[in-house]
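S.K.: Pasting in a structure now, in structure tokens, and then I'll have a few things to ask.
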Amino acid sequence: MENLTAAYSLLKRSSKKLYDHKFFCSIRSSNSGLNYNSIQASEPFKQAVRFHKPILSLNNFCFLRGSGIGIPDALSRVQGGGYQIHCRNVASMAASSTPMRYQSFAMINSDDISYFKKILGERGVVQEEEKLDDANTDWMRKFKGSSRLMLQPKSSHEVSQILDYCNSRCLAVVPQGGNTGLVGGSVPVFDEVIINISSMNNILSFDKASGILVCEAGCILENLNSFLENEGYVMPLDLGAKGSCQIGGNVSTNAGGLRLIRYGSLHGSVLGLEVVLANGTVLDMLGTLRKDNTGYDLKHLFIGSEGSLGIVTKVSIHTPPKLSSVNLAFIACEDYTSCQKLFSKAKRKLGEILSAFEFLDTNAMNLVLEHLDGLRDPLPSSKHKFYILIETTGSMESHDKEKLESFLLQCMESGLLNDGVVAQDVNQASSFWRIREGISEALMKAGAVYKYDLSLPLEKMYDLVEEMRERLGTEANVVAYGHLGDGNLHLNISTPQYDDNILSKIEPFVYEWTSKQRGSISAEHGLGFMKANKIHYSKSTETVQLMGAIKKLLDPNGILNPYKVLPTSVLSQSGG
């Protein structure tokens, strides 16, 4: 009883708004630690509180997570990684109804640890609480798992051994790279074993004639780009998180980024993959051919599957040449219609040298200038409603710059833009990009943020922003920016703190609105845990069922990144 009281005290301290009433009435242990006799809520909760079921109280999200050592023993070890009591002041988490932990999944025991140490060595098996805390927590600090084990393989063979063993034991796993995702896809939901591939970071080959790079999945994007620049090439994608994100994660989420308008998506750039399936089978599709029409192109199943079908271990990717002439303009428009017309004209007039077309509204600009040190407004003479970054990349400096300046002059004369400036050197160009890439950081510093990554018809894109401002009024700061050239809106609602009342005005409205426009609720971030149960807003029931059948075929036990990508109703039919 002392252990139970101590656990309850910790729960009470963890949440300012949870009730002070004693809510446990009786607990009976089981061998698995998964069963319960009755854990009931007192009257103020007005509902039964069950093991692994959320206790929701306004802005707080609190639940118990198991570690497989029996409830009484676990409660006595709350501080040391037993049944952890988590309370998150994140309303959006509460709204994403956390599923029950699949009872088919086993829990880690000492024999498992011994096996992993045998194949990986002591350094490849991480159990330190501090390291695990980082690995369990996503970049946004909105999602946190309770894994007690992280494995760090150094080769595809070791990944194969790990998955073969985990599949035989029915141990759930979550693949992890740089852990820079925004939808909770790269962290555990419960106690899944974390397989971190950061140690697999070797460049295997590079063909200078064709520009084809072959590397391991743990290579950091920025490091790959630095290597390629020395060879006269660049990576075909550029992300704000390039200093931390890894190519395996980029491929697994089909990351878009700033220059998709020029180089296309990874479905076009990736030539081949090596993938380890749930049963440990190493699927060698690591081709380096631009053309190969022999049978089904299976690599596309794994691009964007978020580690739910297999773990990407190696990547073959076609990289474009590094061109010598790069120009960047930072310009201002009075309204969104002008932004659309400007983009349409840029495609025609700048044509082959257009490499980026980004936009941010005045709310985004104000946020960046307020919260990020060292940045200043490139157009300080007056405030504007919209800002556009136009980048061109070519091979003839004088021709390209003249072409861009002529285009801007025409647009100024026709009234499409109010003001603008062309970067005169690398430092000024970097400061322009820092404004665009720093919006996410500024939002984090401003307080709570609800993030939505949407694909919408270009002419409708900003209508959603305006409607959201009408719905929320002064309760929130609605911030909009994104890849105008790709029809990708990053809609962000910034508030001092997370609030269920505000969330109820955002969701499901934002998803319903997007669905009516036949848009996508995830343009480039993926579905992860956050949007798994919302896939029906963008995909038909038949399509989702087919996805579930593919999941069942490739991962019959459902051990790969469970509770993610597909709805729990489909996943429960597909394994787990």
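S.K.: I'd like the carbon and sulfur percentage of the solvent accessible area for segment 425-542, probe radius 1.4 Å, heavy atoms only, ligands and nucleic acids excluded.
M.R.: Roughly 46 percent of what the probe reaches on segment 425-542 is carbon or sulfur.
S.K.: Provide the descending list of Cα extents for segment 474-576 along its principal axes, expressed in whole angstroms.
M.R.: Principal-axis extents of segment 474-576 (Cα, largest first): 48, 32, 20 Å.
S.K.: Magnitude of the Cβ-charge dipole of segment 178-268, K/R +1 and D/E -1, about the Cα centre, nearest 20 debye?
M.R.: That gives segment 178-268 a dipole magnitude of about 280 debye.
S.K.: Note the per residue figure in Å³ for the convex hull of the C-alpha positions in segment 124-172.
M.R.: 90
S.K.: Let me ask you something else. Quick one: Debye curve from the alpha-carbon atoms of segment 354-455 only, equal weights, vacuum; give me log10 I(q)/I(0) at q = 0.10, 0.17, 0.23 Å⁻¹ to two decimals.
M.R.: For segment 354-455, the Cα-only Debye profile gives -0.32, -0.89, -1.38.
S.K.: Highest mean first, what order results for 328-334, 251-257, 453-459, 507-513 on Cβ atoms within 10 Å?
M.R.: Ranking, from highest mean packing down: 251-257, 328-334, 453-459, 507-513.
S.K.: Over the Cα atoms of segment 272-359, each weighted equally, I'd like the Debye log10 I(q)/I(0) at q = 0.14, 0.26 Å⁻¹, rounded to two decimals.
M.R.: -0.75, -1.30
S.K.: What is the gain in length, in nm to one decimal, between Leu546 and Thr474 on full extension, counting 0.36 nm per residue of separation less the C-alpha to C-alpha distance? Provide the component values of the computation, followed by the final result.
M.R.: Working: separation 72, 0.36 × 72 = 25.92 nm, distance 4.34 nm.
21.6 nm is the gain from fully extending Leu546 to Thr474.
S.K.: Could you tell me what fraction of 2.2 N^0.38 Å the Cα radius of gyration of segment 401-485 comes to, as a two-decimal ratio?
M.R.: For segment 401-485, the normalised Cα radius of gyration comes out at 1.39.
S.K.: Report ³J(HN,Hα) in whole Hz for each residue of segment 149-160, in order, from the Karplus equation J = 6.51 cos²θ - 1.76 cosθ + 1.60 where θ = phi - 60°; Gly and Pro get x.
M.R.: For segment 149-160, the Karplus-derived couplings read 8, 10, 10, 10, x, 10, 8, 4, 4, 5, 4, 4 Hz, x marking Gly and Pro.
S.K.: Compute the Kirkwood hydrodynamic radius of segment 468-519, taking the inverse of the mean of 1/r over all pairs of distinct Cα atoms, and give it in Å to one decimal.
M.R.: Result for segment 468-519 stands at 12.0 Å.
S.K.: Convex hull over the alpha-carbon atoms of segment 153-275: what's its volume per residue in Å³?
M.R.: Normalising the Cα hull of segment 153-275 by residue number yields 107 Å³.
S.K.: Please compute the length gained on full extension between Tyr165 and Thr337, using 0.36 nm multiplied by the number of residues separating them and subtracting their Cα-Cα distance.
M.R.: Difference between extended and current length: 56.2 nm.
S.K.: Rounding to the nearest 20 debye, state how big the charge dipole of segment 284-433 is about its Cα centre with +1 on each Lys and Arg Cβ and -1 on each Asp and Glu Cβ.
M.R.: I would put it at about 480 debye.
S.K.: Hey, another quick one. With the contact rule set at Cα under 8 Å and sequence spacing of 6 or more, what percent relative contact order holds for segment 132-289?
M.R.: This gives 22 percent for segment 132-289.
S.K.: Same structure, new question: What is the distance, in nm, between label points placed 7 Å from the Cα along the Cα-to-Cβ direction at Ser205 and at Thr281?
M.R.: 2.5
S.K.: Evaluate the relative contact order of segment 168-252 (contact order divided by residue number), counting alpha-carbon pairs under 8 angstrom at least 6 apart; express in whole percent.
M.R.: Normalised by residue count, the contact order of segment 168-252 is 28 percent.
S.K.: Convert 25 °C to kelvin, take the viscosity as 0.890 mPa s, use the Kirkwood radius over C-alpha pairs of segment 376-417 as Rh, and evaluate the Stokes-Einstein diffusion coefficient in µm²/s, rounded to a whole number.
M.R.: My calculation gives 202 µm²/s for D.
S.K.: Also: Have a look at Val193, Pro236, Leu221 and report the one farthest towards the positive end of the charge dipole of segment 189-256, computed about the Cα centre with Cβ charges (Lys/Arg +1, Asp/Glu -1).
M.R.: The one lying farthest along the dipole's positive direction is Pro236.
S.K.: With r defined as the distance between the Cβ atoms of Gln517 and Ser244 and R0 fixed at 30 Å, what FRET efficiency is calculated, to the nearest 0.05?
M.R.: Efficiency, from the Cβ-Cβ distance: 0.35.
S.K.: Right, another one. Please list Lys516, Lys551 in order of solvent-accessible area, largest first, computed with a 1.4 Å probe with all protein chains present.
M.R.: Lys516, Lys551
S.K.: In nm, to one decimal, how far is the modelled label at Lys131 from the one at Glu467, with both set 7 Å along Cα→Cβ?
M.R.: For the pair Lys131/Glu467, the computed spacing is 4.9 nm.
S.K.: Which whole-angstrom value gives the distance between the alpha carbon centres of segment 260-306 and segment 190-214?
M.R.: 13
S.K.: Charges at C-beta only: +1 for Lys and Arg, -1 for Asp and Glu. How large is the resulting dipole of segment 393-541 about its Cα centre, in Debye rounded to 20?
M.R.: Details: 15 positive and 22 negative charges, 122 e Å.
Once rounded to the nearest 20, the dipole reads 580 debye.
The values are calculated or read from the model by the stated rules, or taken from the named source; none is laboratory data. Since the structure is predicted, the reported quantities are computational estimates derived from the model, not experimental observations. Because the Cβ atoms are built from the backbone with ideal geometry, glycine has one as well, and the counts that use them run over all protein chains shown. When the accessible area is computed, the model is the full protein with side chains, heavy atoms only, and any ligands, DNA or RNA have been set aside. Shrake-Rupley method; radii C 1.70, N 1.55, O 1.52, S 1.80 Å.
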